[in-house]
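Data block below; observations after.
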Amino acid sequence: MKFYPEKCRIADESMKPFIDADELWEHLNSARPSKSQVRDIIAKSLDKQRLNLSEVAALCAATDPDLVEEIKEGARQLKQRVYGNRIVLFAPLYIGNHCVNSCEYCGFRADNKEQVRTTLSDTDLRQQVEALEDSGQKRLILVYGEHPKYYTPEFIAHTVREVYGVKKGHGEIRRVNINAAPLDIEGFRTVKEAGIGTYQIFQETYHPDVYARFHRAGMKRDYAWRLTSLDRAQEAGIDDVGIGALMGLYDWRFEVMGLVRHTNHLEACYNVGPHTISFPRIKSASGLSIPDEHFVSDEDMVRLVAILRLAVPYTGMILTAREPAHVRQQVMQFGVSQIDGGTKLEIGAYSQQDTDAQDLNREQFKINDDRTLSDVIDDLVSHDYLPSFCTACYRLGRTGEHFMEFSVPGFIKRYCTPNAVLTLTEYLEDYANPTVRDKGYRLIDRTLGDIDDANNVAEIRQRIQRIQRGERDLYF
Ligand code: SAM
Ligand code: SF4
């Protein structure tokens, strides 16, 4: 069994497959933590130190209900202490659902003859973006099937530029992220030049044999090419990457270990961990029929989010509209920092009025939170969460913003909270209905009331007034 270094820069480990399934299982199987060990691990995380693999395995092994509650409480405290109540909002935009792969869990898989295939033309794309801007979105993630018809770095870069180019009224998209299949280094470079934010690729499962079982055809069969994709992204200069595992293909504990191992690898080789971690659960999809033995219960979902929060305290965590609103609400308190709102997966649906009913034959999978962005924001502000459309760090070149939030004293009060307030003000002025507007401004007052630096508050209030007089895109 190989033990890979978890820290220090070891350049020759970069670009190499770094998962040793036996190693991860050995950690999990040998973990028999006492109560006091679990408490020490939680305390270590609350002391802002990243956990190592054996500590994460110990948290996964803790099943005593009281200890599980303590882990959740630790995650809740960490989230509150480090990140406060901000939630960053975004929307996914599906560009095309042609696909040469046959991932067994996905409605877009090539052998699914029921799926209606489409790719957005430039005109369609602009229409979708206008509709998204009309609802108040500022951050998008573009999602693509994998097909030679359009899956090239140039095509991806072109769509990114098109999106940035659409401005309607006060609307504009200020950050375009990507969720797409792996590229080579040159391809990543081409996409970077278009000004992307995060490049997100989910490994689906970190276990090579399980991976092989679910990916029998198409280019995605190559586990190692996918596993090392974000190394190539780093080599191409994209230091803002998102990792993820599709929960339900294999034991969630193993996937949590895989995600942490991936994080360690990126830190060790590139001195920067992933910007975000995602942990989508499998949802029903057109013609889906896969074994449910590893499907993750709501209870375990909360556990895994809490464990990940403690394991990698300075990484953004994303929870999408795959989950119903009540699960999202529950999980948000344990560490999720980004959610999507107003999500529609059917290609071209954002500009259509009557797409309430989901048609699985036109979508990748079923979403379970189909509330409008306005309803999501209403719910967030009603529960004292501060919605944020902030894109300041990325635009000012402040990469590693989560790390700064975490490690630079006062960073959140100086930058993140004010920027959340300013972008929320824009939303309230331009898109909110009277009820949300009223609730939103009351939340802003409460938020500013909690900032003790009077100069800072005065500066933020001045900028709020400038936004109310018509200026836009003010940030710290
Ligand atoms: N085609 C690209 C790829 O496979 O990398 C883009 C990603 S795919 C469009 C987006 C992600 O959706 C996948 O990586 C997978 O984790 C997730 N996904 C696929 N089928 C799903 C399902 N039935 N339920 C939930 N998530 C699913
Ligand atoms: Fe294609 Fe991605 Fe779906 Fe696999 S997950 S079938 S690659 S769209």
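Here are some notes:
- Residue match in segment 296-308 (condition: assigned to a loop (DSSP other than H, G, I, E, B) and in contact (Cβ under 8 Å) with a residue 12 or more places away in the chain): yes
- Pairing residues of segment 133-145 that are within 13 Å of A180 (Cβ to Cβ) and hydrophobic (A, V, I, L, M, F, W, C) with residues that are within 16 Å of ligand 1 (Cβ to nearest atom) and assigned to a helix (DSSP H, G or I), at Cβ distances under 9 Å and at least 6 apart in sequence or on separate chains, gives L142/I156; L142/T159; L142/V160.
- The lone exception for S289 - which of (1) closer than 19 Å to M301 by Cβ; (2) within 16 Å of ligand 2 (Cβ to nearest atom) it fails: (1)
- Of all residues in segment 72-127, those being of a type in the set (G, A, S), buried (at least 20 other Cβ atoms within 10 Å of the Cβ) and within 16 Å of ligand 2 (Cβ to nearest atom) number 2.
- The residues on offer are P182, P153, and the sole one that is in contact with a Phe, Trp or Tyr (Cβ under 9 Å, 6 or more places away or on another chain) and within 11 Å of ligand 1 (Cβ to nearest atom) is P182.
- Subset of segment 252-274 (residues that are at pLDDT below 95 and within 14 Å of ligand 1 (Cβ to nearest atom)): none
- Members of segment 309-324 that are touching a residue at least 60 places away in the same chain (Cβ under 8 Å) and away from ligand 1 (no atom under 12 Å from the Cβ): R309, L310, A311, V312, P313, Y314, T315, G316
- Residue that is least open to solvent (accessible area, probe 1.4 Å), among those in segment 260-293 that are hydrophobic (A, V, I, L, M, F, W, C) and touching a Phe, Trp or Tyr at 6+ places or on another chain (Cβ under 6 Å): A285
- Looking only at residues of segment 10-40 that are aliphatic (A, V, I, L, M) and touching a Leu at 6+ places or on another chain (Cβ under 8 Å), we find that the one that is nearest to S229 (Cα to Cα) is I19.
- When segment 403-418 is filtered for residues that are surrounded by fewer than 23 Cβ atoms within 10 Å (Cβ to Cβ) and not β-branched (V, I, T), the ones remaining, listed by number, are F403, M404, E405, F406, S407, P409, G410, F411, K413, R414, Y415.
- Within segment 322-400, helices (runs of 4 or more DSSP H) holding 3 or more residues that are not assigned by TED's automatic domain parsing to the domain that holds N85: 373-382, 392-395
- Hits in segment 194-209 - residues which are out of contact with any Asp or Glu (no Cβ under 9 Å at 6 or more places or on another chain) and of a type outside the set (D, E): A194, G195, Q200, I201, F202, P208
- Any hit, segment 172-179, residues being open to solvent by less than 60 Å² (accessible area, probe 1.4 Å), touching a strand residue (DSSP E or B) at 6+ places or on another chain (Cβ under 9 Å), at pLDDT 95 or above and within 12 Å of ligand 2 (Cβ to nearest atom): yes
- Among residues of segment 455-472 that are under 14 Å from L428 (Cβ atoms), those with a beta-carbon under 7 Å from a residue that is open to solvent by 80 Å² or more (accessible area, probe 1.4 Å) at least six positions away or on a different chain give the pairs R472/H170.
- Candidates Y94, Y83 - the one that is aromatic (F, W, Y), within 10 Å of ligand 1 (Cβ to nearest atom) and touching a residue at least 40 places away in the same chain (Cβ under 8 Å): Y94
- Considering segment 388-428, the residues that are aliphatic (A, V, I, L, M) and within 14 Å of I444 (Cα to Cα) include one that is nearest to the chain's Cα centre (by Cα), namely A420.
- Of residues in segment 129-159 being touching a Gly at 6+ places or on another chain (Cβ under 8 Å) and among the acidic types (D, E), the one nearest to ligand 2 (Cβ to nearest atom): E146
- Among the numbered conditions (1) buried (at least 20 other Cβ atoms within 10 Å of the Cβ); (2) over 23 Å from L140 (Cβ atoms), the only one that M219 does not meet is (1).
- Within segment 396-451, the set of residues being over 21 Å from R469 (Cα atoms), touching a residue at least 60 places away in the same chain (Cβ under 8 Å) and small (G, A, S) comprises G400, S407.
- Looking only at residues in segment 233-251 that are within 15 Å of ligand 1 (Cβ to nearest atom) and open to solvent by 10 Å² or more (accessible area, probe 1.4 Å), the one that is nearest to R50 (Cα to Cα) is L246.
- Looking only at segment 128-137, and only at residues there that are assigned to a helix (DSSP H, G or I) and among the small types (G, A, S), the one that is most open to solvent (accessible area, probe 1.4 Å): S135
The values are calculated or read from the model by the stated rules, or taken from the named source; none is laboratory data. Everything quoted here is computed from the prediction, not taken from an experiment. No Cβ is skipped: glycine too gets one built from the backbone with ideal geometry, and neighbour counts run over all protein chains shown. For the accessible areas, the whole protein counts, side chains as well, though only heavy atoms, and no ligand, DNA or RNA atoms are used. Shrake-Rupley method; radii C 1.70, N 1.55, O 1.52, S 1.80 Å.
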